[in-house]
1. What FRET efficiency, computed as 1/(1 + (r/R0)^6) with R0 = 60 Å and r the Cβ-Cβ distance, is obtained for Ala386 and His512, rounded to the nearest 0.05?
2. Considering every pair of different Cα atoms, what Kirkwood radius, in Å, is found for region 376-450?
3. To the nearest 10 degrees, how steeply does helix 220-231 sit against the main Cα axis of the chain, on a 0 to 90 scale?
4. Strictly over 24 Å apart at the Cα level, which of Lys255/Lys580; Lys137/Lys485; Lys255/Lys553; Lys485/Lys553 would you flag in this model?
5. Helix 29-41 versus the longest principal axis of the chain: what angle, 0 to 90°, nearest 10, using Cα atoms?
6. If one takes the longest principal axis of the Cα atoms in the chain, at what angle in degrees, from 0 to 90 and to the nearest 10, does the Cα axis of helix 98-107 lie?
7. Just to verify a number: FRET efficiency for Leu112 and Asn367, C-beta to C-beta distance, R0 = 22 Å, to 0.05?
8. I need the fraction of alpha carbon pairs in region 501-583 separated by more than 19 Å, rounded to a whole percent.
Amino acid sequence: MKLKLLFVFLVLSNWVLAQTENLPNAMTPDEVKAIPAYNQSRAATGITVPPSSAVRTMAEWEEIQSLVIAWEGYSGILSQITDIAQEECEVIIVCDDSNIVKNVLTGNGVPLHNVSYIETASNSIWMRDYGGNTVYKNEVDSLYLVDWIYNRPRAADDEVPDAVANFKNIPLYQTTQAPYSLVHTGGNFMTDGFGTGFSSNLVLDENAAGGLFNPENLTEAQIDQRMNLFMGIDEYIKMEVLPYDGIHHIDMHMKLLDEETLLVSEYPTGVADGPQIELNLDYVVNNFNSTFGTPYEVVRIPVPPSTSGAYPDNGGFYRTYSNQVFVNKTVIVPTYRTEYDTIALRILREAMPGYNVVGIDCDTDPNNIIRQSGAIHCITRAVGVAEPLLISHQRLRDTDNTVTNYTVSAYMNHVSGIASGTLFWTTDTAMGYTSVPMLSTGNGNWEAQIPAQPLGSQVYYYVKGQANSGKEQVRPIVAPLGYWKFKVTAPNGISELADQVNMEPIFPNPSHTVACVSIASNQNTLATIQVRDMLGRNVYDVYQGHVSTGKSKFLIPTENFSIGIYMVVLKVGETTQIQKLVVK
C-alpha cells in the first residue's frame with residue numbers, strides 16, 4: 001500500500017463515498033476540485049527509475065495470462081466479460097468482497113473455473129486507464145508492469161496496479177516521481193509491440209505547463225524520452241484530439257489489429273468527429289510507415305448513431321466498435337443495435353479470420369456504459385505471459401508470379417532461444433496444410449518457401465515456432481482456424497487496381513434498415529458515392545471526399561428509402577462503378 005498523508009487520504013476517501021455508484025470515464029466537476037489534494041497524496045511504492053535494460057511493450061494481440069477487471073457497477077457486462085474471457089485465460093476481478101461477486105456470477109450462469117479475486121478497493125470500472133502496462137526486458141524475458149500517473153484523482157484506483165503486481169509477483173515500475181514523472185492513460189495509448197506507439201495530443205497537454213497532474217511541465221521530447229526508457233517506444237505518433245470525444249482517448253475511434261493494420265471509425269461525411277479523424281488518418285498514413293517499412297493498411301468501420309439518428313455533435317453518445325479487447329483467440333466487441341452490429345461484426349471477422357469475435361451489448365439499460373464515455377476496452381487490462389514466444393511476420397500480398405517460389409520470412413524470439421520454425425500452407429483449408437521446415441537466416445529471422453502456384457490460386461498460410469524450452473506458438477495466434485492469405489492474379493488485374501478504387505458487393509442486399517458499401521483502394525484518392533433511383537435521379541449522397549488505402553465502409557440508411565431497386569454509383573475521376581441495391 002502506498003504511504004499517504006492520513007488527512008489527505010481521509011478527505012479523498014470521504015469524497016469518493018459521496019459520489020454516485022458508477023463514476024464516468026471523464027472527470028466530474030467535484031473531481032477537478034480534488035486534484036490538489038490528490039497530487040499531494042501520491043507516493044511511490046514501485047521502482048521509480050527506468051529498467052536497466054531495453055524494454056518492449058506488449059502488443060494487444062500477443063498471448064496473455066490474465067485479464068483484469070474492476071467490479072464497480074455494470075455487473076451484467078462484467079459477468080459476460082468474465083464468462084467469455086475465462087475460456088482463454090485467468091480473469092482477475094478487483095473487488096471489495098469476492099463472495100458477493102461469486103454470487104452475482106453464479107446467478108448469471110457464469111462458471112468460476114478460471115477466476116481469481118483481489119479484494120481491494122477501487123473507485124471506478126475504468127481499468128484500462130489506471131491498470132499497469134505489460135513490458136518485457138530484451139523483448140521476451142523479465143516481465144514487468146509499468147504504472148503511469150493516473151489523470152483522475154481516484155486514490156483507490158491508483159493503488160490497483162500495486163495490488164495486481166503483488167498478486168502476480170511481477171515487478172512494478174512507476175513514472176510517478178521526478179525526474180521521470182509522466183501522466184498518461186491506457187485508453188490513450190496503443191503499440192505495435194515493436195517500438196511504435198500512438199496517442200492523441202492529450203498526453204502532451206496533461207504533461208505540459210498548466211497540466212493538472214504533472215508539475216514538471218514536460219516538453220514533447222521529454223515525454224518521448226520517458227516513453228522510451230520505461231516502455232521501449234522509439235517512434236511515438238501523436239494526433240490532434242477530437243472535438244466531440246470528451247476524454248480524447250484514441251481507443252474510442254482507432255485500434256491496431258496487427259503490426260501494419262489500423263482499424264479506424266468512420267462517420268458520415270462532415271459529421272461529428274469524422275473530419276478530424278480523416279485529417280489524423282491522413283497525417284499517419286502520409287508520414288509514417290509500419291515496423292516493416294511499408295504503409296499502414298486501413299480497415300474502416302462505420303459508427304452507429306443513436307436510435308434517434310443523432311451523432312455526438314448533435315446529442316448522441318460516442319458509440320464505437322474500435323473499443324474492443326483481444327483475449328488471446330477471442331475478441332470482445334461492444335455492440336449496440338442489430339442492423340449496425342451485423343455489418344460491424346462481419347467487417348471484423350473478415351479482417352481477423354479465425355478469431356472468435358463476440359459482441360456484448362453496451363447500449364441497453366442497465367448496461368448502457370456508453371453513456372459514461374467508455375466500452376469494453378476501457379474496462380479491461382491484460383497481463384502478458386511470463387515468457388512469450390514472439391513471432392512477427394509481414395504477410396505476403398497478391399502477386400502475378402506463377403514461376404518462382406514465395407518466400408515467407410518471420411522473426412521469432414524466446415528467452416530460451418528458438419529450436420525450430422515451421423511454415424504451413426494450403427490452397428484449400430478443407431484439405432489441410434502442408435508443413436515446410438523453416439531455416440534460420442540469423443538475427444532471429446527464419447524463412448521457408450511456398451511453391452509457385454497457377455493463376456487464380458488462393459494461398460493460405462501460417463507459421464509456428466518452437467522454443468528450446470519446448471514452448472510452442474503460432475502466428476496468427478488463431479491458426480490453423482485463422483491464417484494469412486494472398487491471391488495469384490493476372491498482371492492486368494493488378495495494374496487495373498493500381499489507380500482506382502473498387503466497390504465490393506453491398507451487404508446486406510436486399511436491405512430494409514441499413515446497407516453497407518465497402519470500398520477497397522490501393523492508394524489514397526478522391527471518390528464520390530451516390531444512391532440513384534432507376535431514372536438516374538440522385539436520392540442519397542453516401543460520401544464525397546478522400547478514400548484511404550485499404551478498405552473503407554460506408555452506411556446507407558435504407559429504412560428511409562421507398563421499397564424498390566436503386567443504383568449505388570461510385571465515381572473516381574472519370575471512372576464509374578455501379579451496383580444494384582434492393583430495398584424491401
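1. That gives a FRET efficiency of 0.70.
2. Final number for the Kirkwood radius of region 376-450 is 14.9 Å.
3. Once rounded, one gets 80 degrees.
4. Lys255/Lys580; Lys137/Lys485
5. 60 degrees
6. So the inclination is approximately 30 degrees.
7. About 0.55, to the nearest 0.05.
8. Counting pairs separated by more than 19 Å, the tail of P(r) holds 30 percent.
Since every read-out is calculated from the coordinates, none of them should be taken as a lab result. Just so it is clear, the structure is predicted and the values come from calculations on it, not from any experiment. Virtual Cβ from ideal backbone geometry, glycine too; neighbours counted across all protein chains shown.
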